[in-house]
Amino acid sequence: VILYQLQREYPEDELSTASVTVRTVVRGVLVIRVASRAVCFLAAWLYLLLIIDFGVDQVWWWREEPGTPLGILGPMAWLLDAERSHLFANEKSIIFCMNLISVISQQRLVEVLARREVLLRLIGAERVMASTICLLLKGVAVACTPSKSANPIAEFLLRVAPPPACCVAIVTLRDHALPLGIAVVVAPRVTAMLGSSSCMLVGLLCGAYAAHAVLFVWYSHRGDLDSAALRLAMLVPGGVSSQAKGLLRGVLAGAHRRAVQMMAMGILQRAFRWLTQR
């Protein structure tokens, strides 16, 4: 997940222009990913050999030599603190299997989602995303119930859209969720180890970092904070591309134009009826 976020922020063609710290972090995460894959592969291979060794030992029950055919069952039974006759019924072996499956599944899920995102961007899914956002924001209540306003979509967006400060806070917390979670866990131990002056200095640095993060999000999305629809689009996980925002602005502008046209037609119809009744 960390590598996926770094690759989104710094693509391969822009990585050469990034700072030395960023390049070092990306390379370190790549090395950690390769090492974790090697460890998972080794664990899966050992577990496969363990199953084969256990199966051969159970089938070859008349074998009188000590140990097992592959010699893996004894060390693994000692490592998992289980009896050799009930190795797979041990609680630690089940936890080990579940952890192994969980790690492989999470890694596979991240890779599949990354591929699907690239595919959706290649086929121009911004149009589908913009249309989906419009339909989602319109809501069933707006489509089914009568409204006194000439533009029910705009009225609905103004009613449900959070204020700009709330949107900025949500986006900031979402973008910095990883360091925030680490800080929440590490902060009590760090404050217990440091003195009052050191804690004050650390607090000032953390406050400066938080202010920088909030102001960066505020100025990055300053053009979107004035529109209720674009504020809601900010909260979409994964972000919305500039093309999708342009399509969303076009749809909203078309809705405003249709509302004005309907209002003008209503005024003309009332004037025509008034003139014909006279």
Review point. What pairs can you find where one residue is in the stretch 83-112 and of a type outside the set (A, V, I, L, M), the other is assigned to a loop (DSSP other than H, G, I, E, B) and at pLDDT below 70, and their Cβ atoms are less than 7 Å apart, with a gap of 6+ or different chains?
Key: Asn90/Ala82; Lys92/Asp81; Lys92/Ala82; Ser93/Ala82; Ser93/Leu87
**Study point:** Hits in the stretch 217-227 - residues which are surrounded by 12 or more Cβ atoms within 10 Å (Cβ to Cβ) and either assigned to a loop (DSSP other than H, G, I, E, B) or in contact with a Ser or Thr (Cβ under 8 Å, 6 or more places away or on another chain) (or both)
**Key:** Val217, His221, Asp224, Leu225, Ser227
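Could you tell me whether Ala208 is part of a helix (DSSP H, G or I), modelled with pLDDT of 80 or more, among the small types (Gly, Ala, Ser) and surrounded by fewer than 12 Cβ atoms within 10 Å (Cβ to Cβ)?
yes
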Review point. Just checking, how many residues over the stretch 162-173 are part of a helix (DSSP H, G or I) and in contact (Cβ under 8 Å) with a residue 40 or more places away in the chain?
Key: 7
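The values are calculated or read from the model by the stated rules, or taken from the named source; none is laboratory data. Every value quoted in this text rests on a predicted model; they were computed, and no experiment measured them. So basically every Cβ, Gly included, is an ideal-geometry build from the backbone, and we count neighbours across all protein chains shown.
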